[in-house]
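Data block below; observations after.
The values are calculated or read from the model by the stated rules, or taken from the named source; none is laboratory data. None of the values given here were measured: they were computed from a predicted structure. Neighbour counts run over all protein chains shown; Cβ positions are idealised from the backbone, glycine included.
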Amino acid sequence: MSKEQLNKAFFAQNEEEVFAELQTTKAGLSKEEAAKRLAEYGENVLEVGEKRSTLQKFLDQFKDFMIIVLLAAAIISGTVGHEIADAIIILAVVIINAALGVFQENKAEEAIEALKKMASPLANVRRGGEVVQIKSELLVPGDIIVLEAGDVVPADVRLYSVNSLKVEEAALTGESVPVEKDLLDVAEDAPLGDRKNMAFSSTNVTYGRAEGVVALTGMNTEVGNIAHMLQNAEEKKTPLQENQDQMGKSLTILILAIAIVMFIVGFGFNGRPWLDMLMVSISVAVAAIPEGLPAITTIILALGTQKMASRNALVRKLPAVETLGGTEVICSDKTGTLTQNKMTIEKVYYNGQVHDAHEAIDLSLPVMRIMNFANDTQVANDKSLIGDPTETAMVQYGLDKNFDLAGELAKMPRVAEVPFESDRKMASTIHTNGSKFYVATKGAPDELLKRCNFIVKNGVVSPMTAADREEILETNHSLAIQALRVLATAYKDIDALPAAMTSEAVEHDLVFAGLIGEIDPERPEAKLAIAEAKKAGIRTVMITGDHRDTAAAIATRLGILDGTMTAHSVITGAELNEISDDEFLKTVQNYSVYARVSPEHKVRIVKAWQDNGKVVAMTGDGVNDAPSLKQADIGIGMGITGTEVSKGASDMVLADDNFATIVHAVEEGRKVFANIQKAVQYLLSANLGEVLTLFIATLLGWTILEPIHLLWINLVTDVFPAIALGLEEAEKDVMEQAPRGRSSNFFSNGVFTSMIYQGIYEGGITLFVFWLATSYYGFDLHIAEAMAFLTLGFIQLAHAFNCKSVFKSMFSVNPLGNKPFNYAILLSLVLMLLVAFIPGLNTIFGIYDMTGQQWLIVVLAALSVIPFVEIAKAILRGVGYDKKVNGIK
């Protein structure tokens with residue numbers, strides 16, 4: 001048996017076939033054979049892919065097209081244009097962004113490291129007939145391993161002997177309660193959660209003991225498969241990064257074309273010196289490129305992360321802030337995300353009636369005593385409960401009802417027990433008060449009823465009739481279809497202990513006491529959050545390892561499913577296997593709930609939605625969620641119940657594990673993108689105004705602005721107001737708009753239209769002021785240039801107030817409510833005025849000898865952009881253009 005020939009479907013083989021294939025016996029391998037196999041299969045560890053150095057990661061950040069253009073602009077500005085300050089600013093922006101990119105990439109590698117740490121450090125192995133303790137990394141296929149309560153399973157093990165074994169597999173399969181293991185036959189196409197004769201690496205033994213043969217180690221295990229998927233997950237650019245790339249390429253091509261045409265017209269047709277035109281063309285190109293945008297975007301995203309952190313959403317990768325705002329589908333894990341990951345009693349059936357858990361209950365009822373007596377839960381010093389979740393739920397229920405468990409056990413201590421066994425599905429404890437003995441039994445209703453000949457109702461014990469049995473079974477079915485895990489309770493009084501503590505000797509002629517219905521309940525706030533998400537146009541899809549009926553019932557309670565959707569909107573992993581990728585791509589939108597799924601299924605579901613053009617968020621807390629968290633456009637991990645693996649693969653972590661926090665984060669993400677769009681609208685409308693001014697002036701043969709004028713405006717008026725726009729509060733209807741989706745970009749939602757007409761107006765007014773100064777009033781050329789320069793600078797600062805909203809009036813959003821914005825405008829205004837009034841500087845910029853009339857023309861021309869844009873916005877609102885582009889009904 002070579003490493004390549006290793007069969008992974010050991011769960012579908014019988015015991016003899018397993019031992020034959022693994023070439024081992026129950027006595028274990030010899031030391032020599034174990035050493036030989038260790039050399040062949042390698043250590044039982046997870047492999048880590050080849051890591052790139054920090055320098056390689058840093059250099060990779062400069063492959064972005066926009067970054068290359070900015071670097072070229074910096075080199076040209078610093079060498080040909082001798083504008084050292086501008087070159088330094090551009091280089092600083094590029095380097096800061098590259099450093100942030102490296103930091104984010106290093107964080108992303110934590111997922112694999114966290115997986116490695118989950119391995120069990122030591123394992124109890126039988127080698128050469130003796131049980132020895134060895135390091136888990138030395139395990140090989142064919143080793144015989146002994147498992148006990150408290151152990152971390154060190155490899156994928158095919159069990160051949162189990163004694164009441166329960167394994168907690170929630171992190172791997174999504175099961176909300178520990179799995180009871182058995183040795184029954186398993187079909188070859190059985191999903192991971194149904195392979196009851198296997199114990200999987202990195203899961204936890206919570207009860208009982210077992211022996212098994214190590215079938216798979218290292219990267220061949222189920223956890224290894226997840227590690228492999230993480231390593232090979234496609235690195236996807238976020239919608240924000242795609243938008244930046246797209247915008248960068250489009251702008252660069254347009255700007256270079258304009259610069260070339262300007263040079264040809266000015267030098268070839270108007271006869272201006274080629275060096276002058278080269279400098280003007282370069283100045284236009286540098287001014288038109290929004291070199292501050294990457295830094296502004298980073299700052300706005302960083303501010304968004306701080307706001308999200310205050311609402312328990314911890315962002316690990318900056319672009320995730322914006323991505324969440326564009327989310328159209330949230331694929332959510334059930335256990336621990338939509339539910340509390342804590343079994344809780346919801347219904348109790350006794351005296352012939354079903355009672356809600358919140359109702360008062362008589363503490364002397366047999367059902368109350370049995371659920372607490374037939375229970376192995378331990379109460380820790382800090383009052384927390386330790387044990388099987390099904391049993392801790394019963395004790396917690398008793399504590400909530402003020403049942404004195406310690407006092408009752410002191411009166412009637414446990415003296416014997418018949419432990420749980422998976423074949424009979426029940427357990428009993430025996431207690432004494434000194435003279436008589438009390439048997440408390442709990443178990444599966446169908447099995448326990450076979451042992452009951454009596455029933456107690458309202459304190460009266462009577463023989464159980466056929467009608468009683470039928471009523472109990474109907475009640476059991478009614479509770480089960482509500483996704484409740486139902487247990488039956490029974491008891492009897494005996495005079496003496498049986499000679500043998502066996503099921504046959506103890507568990508007969510029982511008195512039926514009642515049924516207990518438990519569930520991992522939905523989070524109270526999750527239903528409201530799902531409704532809010534739906535209102536915001538976001539589809540919630542539930543993905544779980546639980547059974548179909550449980551998943552459907554929880555989804556219905558949460559509002560993911562309604563009565564008409566249940567039948568055709570739930571699909572299991574086995575059914576999904578029967579659907580081809582092409583067919584699933586067409587039908588993925590039909591399904592709202594996925595049950596009994598594997599990690600591969602989760603990745604497939606996310607990819608199918610993405611291939612349909614949707615922006616997908618994935619939530620999860622288990623190891624099994626990690627590959628899909630990494631595949632999604634934004635992976636959302638759980639901070640409390642989440643494994644380190646899931647957190648490491650996530651872009652954002654919920655500090656409170658609250659699904660409702662996602663909805664709050666979506667709102668913040670939408671605000672962040674809207675604010676980035678406001679910055680883009682401001683920057684590009686201003687840059688368009690500059691380009692149009694120079695382009696048309698060149699065509700007309702005018703010398704309207706010097707290169708120093710353009711670069712100063714670009715330096716002073718661009719960055720500070722644009723950053724401050726990122727601090728605007730979210731508009732009231734932001735969660736009523738349709739999700740932006742993947743096809744959206746910085747120019748969507750009316751930004752492009754606004755940018756065009758506003759940029760044309762800014763350029764037109766600047767040209768008008770220059771014409772007015774030269775042709776109408778006959779001012780000197782240096783005065784006309786100064787007036788054009790000041791008009792172009794001031795009009796941009798006035799226009800910044802218009803950019804507080806794409807369509808709403810600036811007066812409806814409190815124009816002075818954003819204090820940092822006010823300070824930014826004031827700072828930029830002061831810097832513009834400094835070059836006009838400081839002696840020496842005003843000579844360099846050609847701003848001297850200006851009269852009050854000339855200043856009045858400049859100020860009025862600059863302020864005119866406000867009423868112009870207000871009128872334009874009112875017209876666009878009047879024709880409903882704002883609602884159309886934002887998807888508001």
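The condition of being assigned by TED's automatic domain parsing to the domain that holds Q737, closer than 22 Å to P721 by Cβ and assigned to a loop (DSSP other than H, G, I, E, B) holds for only one of V859, V830, V806, that being V806.
Residue by residue, here is whether (1) surrounded by 24 or more Cβ atoms within 10 Å (Cβ to Cβ); (2) charged (D, E, K, R); (3) out of contact with any helix residue (DSSP H, G or I) (no Cβ under 8 Å at 6 or more places or on another chain) holds:
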| position | (1), (2), (3) |
| --- | --- |
| V167 | yes, no, yes |
| L172 | yes, no, no |
| P178 | no, no, no |
| P191 | no, no, no |
| F200 | no, no, no |
| T206 | no, no, yes |
| R209 | no, yes, yes |
| L216 | yes, no, no |
| M219 | no, no, no |
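Selection of first residues in the stretch 124-143 that are closer than 20 Å to L159 by Cβ and of second residues that are modelled with pLDDT under 85 and buried (at least 17 other Cβ atoms within 10 Å of the Cβ), restricted to Cβ pairs under 8 Å at least 6 apart or on distinct chains, gives the following pairs, ordered by first then second residue: N124/D151; S136/A119; S136/S120.
Every condition in (1) surrounded by fewer than 21 Cβ atoms within 10 Å (Cβ to Cβ); (2) under 33 Å from the mean Cα position of the chain (by Cα); (3) in a loop (DSSP other than H, G, I, E, B) is met by P739 except one, and the failing one is (1). Checked against the criterion of being surrounded by fewer than 14 Cβ atoms within 10 Å (Cβ to Cβ) and either out of contact with any helix residue (DSSP H, G or I) (no Cβ under 9 Å at 6 or more places or on another chain) or farther than 30 Å from E328 by Cβ (or both), the candidates G517, G537, G459 yield just one match: G459. Going residue by residue through the stretch 641-656, is there one that turns out to be among the charged types (D, E, K, R), touching a helix residue (DSSP H, G or I) at 6+ places or on another chain (Cβ under 6 Å) and surrounded by fewer than 24 Cβ atoms within 10 Å (Cβ to Cβ)? Yes: one or more hits. Residues in the stretch 395-424 that are in contact with a Lys or Arg (Cβ under 8 Å, 6 or more places away or on another chain) and either at pLDDT 90 or above or surrounded by fewer than 16 Cβ atoms within 10 Å (Cβ to Cβ) (or both): E408 alone. The set of residues in the stretch 488-510 that are among the hydrophobic types (A, V, I, L, M, F, W, C) and either within 19 Å of A416 (Cα to Cα) or in contact with a Ser or Thr (Cβ under 7 Å, 6 or more places away or on another chain) (or both) comprises A490, I494, A496, L497, A499, A500, M501, A505, V506, L510. Restricted to the stretch 422-509, the set of helices (runs of 4 or more DSSP H) holding at least 3 residues that are free of Cβ contacts under 8 Å to residues at least 60 places away in the same chain and closer than 24 Å to T344 by Cα comprises 466-480.
Filtering the stretch 177-215 to residues that are over 22 Å from D388 (Cα atoms) and within 31 Å of the chain's Cα centre (by Cα) leaves D189, A190, P191.
Here I543 does not qualify as at pLDDT 90 or above, within 15 Å of V593 (Cβ to Cβ) and in contact with a Phe, Trp or Tyr (Cβ under 6 Å, 6 or more places away or on another chain).
I need every pair where a residue in the stretch 746-770 that is assigned by TED's automatic domain parsing to the domain that holds T297 has its Cβ under 6 Å from the Cβ of a residue that is surrounded by fewer than 22 Cβ atoms within 10 Å (Cβ to Cβ) and not aliphatic (A, V, I, L, M), sequence separation at least 6 or different chains. Correct list of pairs: N749/N886; Y761/F868.
Restricting attention to the stretch 807-859, the residues being at pLDDT 85 or above, hydroxyl-bearing (S, T, Y), under 22 Å from Q758 (Cβ atoms) and out of contact with any Phe, Trp or Tyr (no Cβ under 7 Å at 6 or more places or on another chain) number 1.
Does I723 satisfy the criteria of being surrounded by fewer than 24 Cβ atoms within 10 Å (Cβ to Cβ) and part of a helix (DSSP H, G or I)? Yes.
Filtering S685, S754 for residues that are touching a His at 6+ places or on another chain (Cβ under 8 Å), crowded, with 23+ Cβ neighbours inside 10 Å and not in a loop (DSSP other than H, G, I, E, B) leaves a single hit, S685.
Note on the stretch 359-394: residues that are surrounded by 22 or more Cβ atoms within 10 Å (Cβ to Cβ) and among the aliphatic types (A, V, I, L, M) amount to 7.
For the condition in a loop (DSSP other than H, G, I, E, B) and either exposed (fewer than 14 other Cβ atoms within 10 Å of the Cβ) or assigned by TED's automatic domain parsing to the domain that holds N624 (or both), P524 qualifies.
Within the stretch 760-803, track down each residue that is of a type in the set (S, T, Y) and assigned to a helix (DSSP H, G or I).
Result: Y761, T766, T774, S775, Y776, T791.
Checked against (1) β-branched (V, I, T); (2) under 30 Å from L841 (Cβ atoms); (3) not in a helix (DSSP H, G or I), I708 meets all criteria but (3).
Residues checked against (1) of a type in the set (K, R); (2) in contact with a Gly (Cβ under 6 Å, 6 or more places away or on another chain); (3) assigned by TED's automatic domain parsing to the domain that holds A529; (4) farther than 26 Å from V205 by Cβ:
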position: G336; (1), (2), (3), (4): no, no, yes, no
position: L365; (1), (2), (3), (4): no, no, no, yes
position: A374; (1), (2), (3), (4): no, no, no, no
position: T377; (1), (2), (3), (4): no, yes, no, no
position: D388; (1), (2), (3), (4): no, no, no, no
position: E408; (1), (2), (3), (4): no, no, no, yes
position: V415; (1), (2), (3), (4): no, no, no, yes
position: S422; (1), (2), (3), (4): no, no, no, no
